[in-house]
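Take a look at the structure set out below.
The values are calculated or read from the model by the stated rules, or taken from the named source; none is laboratory data. Every value quoted in this text rests on a predicted model; they were computed, and no experiment measured them. Methodologically, a virtual Cβ is constructed for each residue, glycine included, from the backbone with ideal geometry; neighbour enumeration extends over all protein chains shown. What goes into the accessible areas is simple: the full protein's heavy atoms, side chains included, and nothing from ligands, DNA or RNA. Shrake-Rupley method; radii C 1.70, N 1.55, O 1.52, S 1.80 Å.
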Amino acid sequence: MTDLDRELDLPTEDDEAAPASDPAELPEPAERNRPVDAADAFGKLTDEAFARARARLGIPQPLQRSPHNLEVTRDGTRHFAYGYGDDNPLYCDPDYAKDTRWGSLIAPPGFMYTMGEDAAPTPDPATRALLKGDPFAGLGSYQAVMEFEWYRPLVLGDTCKLLQTQVGVQEKPSRFGGRTAHVTRDFLYANGSGEIHGIRRGTWINAERTATKERGKARSHPTPEPYSAELCAEIDAAYEAETRRGAEVRYWEDVQVGEALQPRVKGPLVTTDVVVWHIGWGMQLTPPGAFRLSYRTRKKAPGLYPPNHLNVPDTVQRLHWEPERAQELGLATSYDYGAMREIWMTHAVTDWMGDDAWLYLLRCEHRKFNYIGDTTWVRGTVVDKRLDGEHRVVDLELSCTNQRGEVTTPGTATVILASRDHGPVTLPAPPAESLDGVVQDELRRFSIT
C-alpha cells in the first residue's frame, strides 16, 4: 500500500454520475440507466470491468467535446490566469510579453487544460466497439494524482492538438472504498505545428459509491467556522505581501537548498471563486452549453444530470457549488476541483522563478477535500539543485495546507534556471517528436507492449 493509499481520505475530483472523469468515455443512455439487479454489474467493480479497461491500454480515445479554447488568445489566457488569482503580465499583457525572452504572450502552464482539438484517428469498427461505454460505469471516480511535463510554451495564436489514451489500470485496496481501480490516463498536447507542448498524466480512483458513502458518513467532516477578524487580517496581509520575480532573472548559482518560496494564499474559498475559475477553465466534465445545448448532452448521457431538489436535471458538477448535493453524498459542503490546487502550485512557482525560467515538471497528490470556506496556503522549499544533462535545475517540495493545519495536497516540481556561467535556459527535449511517438514512449514507461 502506498503513502497515498494510507493517507487518502477522499480525493478531490469527482464525477458523480460515474463515467470516467473526462467526457471522452460517455456511454449511451441505455447503458447508463439500465436497472441494477443480481445479474447486472452496473456500479460494481468486477473482474470483467478490469479486463475491459485493460484491453483499452494504449488505444487513442476520441474526444467527445470541443475544448474551451481553440486558440491561445489574450482574453483566454487572462481569464484563465485571473481565475486562479494571477495577473502576471507575461500571460495577460502582450505589450509586456513581447519584450521578454519569449517574444510573445505565452499561456500559463496549466492552460493546456482548456485546449486540445482531437488528434485521435477515426477508430475502425472493432476499436469503436472496444471503446464503447465505460467499464466502471456507476462507480465514483475521484482524482488522486496529477503529473505534468512541459516542453515548450503555447504562445499567442497557437492552436493545440490533444491525444488521450489510457496507460494504466491497477486494482488496489483502499480504506475509503474497499476494492478500487486506479486508472491512469495520458493527455498529450502538441501545438498547431505538431511540436510537443506537454503531457498531463492523471490517476483516478474508481470505487463503489455505496462503500464511499458509508465510509464518508462514518467519518467526521470539519464544520465550517466563522473567520475571526485576526485571521482575515492575516490573509489580507499575505495578499498584500505578494511579489513576483518577473523580468529579474533568477540564476541557478544564486539559489540555495533550503530556500523558501514566498507563500501564496488562496481563500477563504467562496462559491464565486469557483464560478470565476470556470470562466477561464471551462466546464471540463459536462460539455459546454446551456438550455437546449445542455438538453442535447443530457439526452445522450442523462446520468450526468441527476435531478435537484426541484426534480430538475442539473450537472453532476454542481456539488462544487451546491452544498445540498455534496451533503447528499456524505460530505460537509461543496469543495474545489483538484485542478485548482494544481494551478495554485504553478502560481507560487512561476512567481518565484521569473520570466526567464522554465517550469519543467509538476506532480501532486490530492489527499483531502478543500471545502468552500477553507483557506489554502501554498508553500514551497528548494530541496535540491543539480545538473540534468545540459540543464541547471532545482527541485522543489510543495504543499497546500488549510487553516486547520492539514496538508490537502503535497507536491513536487522541477524548474530549469538560467546560469551565470552557462547562459539562458534551453527548453527540455520531449521524449518523441510526435504525439504517436510520445504514446509509444509512455507505453514503454508503463511496461505495456
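At-a-glance table
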| quantity | calculated |
| --- | --- |
| Single condition residue 276 does not satisfy, out of (1) surrounded by fewer than 15 Cβ atoms within 10 Å (Cβ to Cβ); (2) modelled with pLDDT of 95 or more | (1) |
| Filter result for residue 138 (on the phi > 0 side of the Ramachandran plot and surrounded by fewer than 22 Cβ atoms within 10 Å (Cβ to Cβ)) | no |
| Whichever residue in the range 293-351 is out of contact with any Leu (no Cβ under 8 Å at 6 or more places or on another chain), at pLDDT 95 or above and β-branched (Val, Ile, Thr) and, among such residues, is nearest to residue 263 (Cα to Cα) | 343 |
| Among the candidates 86, 95, 75, 118, residue that is acidic (Asp, Glu), touching a helix residue (DSSP H, G or I) at 6+ places or on another chain (Cβ under 7 Å) and either open to solvent by 20 Å² or more (accessible area, probe 1.4 Å) or under 23 Å from residue 356 (Cα atoms) (or both) | 86 |
| Options 198, 192: the member that is of a type outside the set (A, V, I, L, M), modelled with pLDDT of 85 or more and open to solvent by 10 Å² or more (accessible area, probe 1.4 Å) | 192 |
| Condition met for residue 253 (assigned to a helix (DSSP H, G or I), out of contact with any strand residue (DSSP E or B) (no Cβ under 6 Å at 6 or more places or on another chain), under 30 Å from residue 422 (Cβ atoms) and at pLDDT 95 or above) | yes |
| Residues of the range 305-335 classified as in contact with a helix residue (DSSP H, G or I) (Cβ under 7 Å, 6 or more places away or on another chain) and under 23 Å from residue 145 (Cα atoms), total | 12 |
| Checking residue 99 against (1) under 24 Å from residue 82 (Cβ atoms); (2) assigned to a loop (DSSP other than H, G, I, E, B); (3) of a type outside the set (Ser, Thr, Tyr); (4) modelled with pLDDT under 95, the condition it does not meet | (4) |
| The range 245-259, residues that are open to solvent by 40 Å² or more (accessible area, probe 1.4 Å) and touching a Lys or Arg at 6+ places or on another chain (Cβ under 7 Å) | 251, 252, 253, 257 |
| The listed residue being in contact with an Asp or Glu (Cβ under 8 Å, 6 or more places away or on another chain) and modelled with pLDDT of 95 or more, out of 175, 152 | 152 |
| Verdict on residue 342 being among the acidic types (Asp, Glu) and closer than 15 Å to residue 274 by Cα | yes |
| Residue tally, condition farther than 23 Å from residue 276 by Cα, assigned to a helix (DSSP H, G or I) and open to solvent by 20 Å² or more (accessible area, probe 1.4 Å), over the range 298-324 | 4 |
| Odd one out for residue 284, checked against (1) assigned to a loop (DSSP other than H, G, I, E, B); (2) open to solvent by 20 Å² or more (accessible area, probe 1.4 Å); (3) over 25 Å from residue 349 (Cα atoms) | (3) |
| Wholly within the range 327-429, strands (runs of 3 or more DSSP E) carrying at least 3 residues that are closer than 22 Å to residue 231 by Cα | 376-388, 391-402, 407-417 |
| Test result for residue 421, open to solvent by 60 Å² or more (accessible area, probe 1.4 Å) and under 23 Å from the mean Cα position of the chain (by Cα) | no |
| Members of the range 65-87 that are touching a Ser or Thr at 6+ places or on another chain (Cβ under 7 Å) and closer than 18 Å to residue 351 by Cα | 80 |
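The rows are residues; the columns are (1) open to solvent by 10 Å² or more (accessible area, probe 1.4 Å); (2) more than 30 Å from residue 288 (Cα to Cα); (3) under 16 Å from the mean Cα position of the chain (by Cα).
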position	(1), (2), (3)
327	yes, no, no
331	yes, no, no
356	yes, yes, no
365	yes, no, yes
368	yes, no, yes
